[in-house]
Amino acid sequence: MNYWLMKSEPNDFSFEDLRKSPSRKTHWDGVRNYQARNFMRDKMKKDDLVFFYHSNCAEPGIIGIARIIKEAYPDHTAYDPQDKHYDQKSDPQNPRWFMVDISYERKLKRTITLSELRKYSDDQLKDLTLLRRGNRLSITEVSNDEWSFILSLEHSDD
DNA sequence: GCCAACGTTGGC
DNA sequence: GCCAACGTTGGC
């Protein structure tokens, strides 16, 4: 079982949007970065848990938990010229881009903000990929220890 | 809105 | 294969 962190801009698709989706699930389409694709295609497994992170917003941070409910399959939006993430070079016979399905698990009692996570960047979270300088990857791995530590913050005062 | 970081593209 | 130009991400 692996743990993940997935970013989403709440203006685009928020954790609340996931909660309101039919059956509280969605496909994670539109990923067009090879490293993020490789994580989805090669390492994400059904039932893995995901920190849902809000980026590019007033209070960036982890807002809730989602679950992988379907492993990687071709991202059909890559073949749709009308789609924002259309990729002319993607061939259905040899898919380049993949997506997974995720479902809403639960909202955290409080948002664990980026600035709060940074307080531990020299110690418990020193290897957290999200905190690496300049990291823009939309899907990153979270270790078992990092997952437990971040969850332990949920019930602390700040 | 600014801008640093960084992935991708394409000319050579 | 190098690398400059360009586009995107995302915190602030």
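Here, each number is a calculation from the coordinates, and none is a lab measurement. Quick caveat: nothing in here was measured; it's all calculated off a predicted structure. Reconstructed Cβ throughout: ideal geometry from the backbone, glycine too, with neighbour counts over all protein chains shown.
Before moving on, here are some points about what is shown:
- Condition check for A:D87: acidic (D, E) and either closer than 21 Å to A:M1 by Cα or away from DNA strand C (no atom under 14 Å from the Cβ) (or both): no
- Residue check, A:S143 touching a Phe, Trp or Tyr at 6+ places or on another chain (Cβ under 9 Å), in contact (Cβ under 8 Å) with a residue 40 or more places away in the chain and of a type in the set (G, A, S): yes
- A:L130 being surrounded by 18 or more Cβ atoms within 10 Å (Cβ to Cβ), within 16 Å of DNA strand B (Cβ to nearest atom) and assigned to a helix (DSSP H, G or I): yes
- Within segment A:1-112, strands (runs of 3 or more DSSP E) holding 1 or more residues that are surrounded by 14 or more Cβ atoms within 10 Å (Cβ to Cβ), touching a residue at least 60 places away in the same chain (Cβ under 8 Å) and within 16 Å of DNA strand B (Cβ to nearest atom): A:3-8
- Here A:H155 fulfils each of the conditions (1) touching a residue at least 24 places away in the same chain (Cβ under 8 Å); (2) within 16 Å of the chain's Cα centre (by Cα); (3) surrounded by fewer than 13 Cβ atoms within 10 Å (Cβ to Cβ) apart from (2).
- If you go through segment A:113-126 and keep only what is outside any helix (DSSP H, G or I) and within 15 Å of DNA strand B (Cβ to nearest atom), you end up with just A:S121.
- One residue from A:T129, A:T113, A:T77 being among the polar types (S, T, N, Q) and within 23 Å of A:K25 (Cβ to Cβ): A:T77
- Any hit, segment A:8-19, residues being more than 13 Å from DNA strand C (Cβ to nearest atom), touching a Gly at 6+ places or on another chain (Cβ under 6 Å) and within 23 Å of A:L130 (Cβ to Cβ): yes
- Subset of segment A:133-158 that is of a type in the set (A, V, I, L, M, F, W, C) and assigned to a helix (DSSP H, G or I) - its residue that is nearest to DNA strand C (Cβ to nearest atom): A:I150
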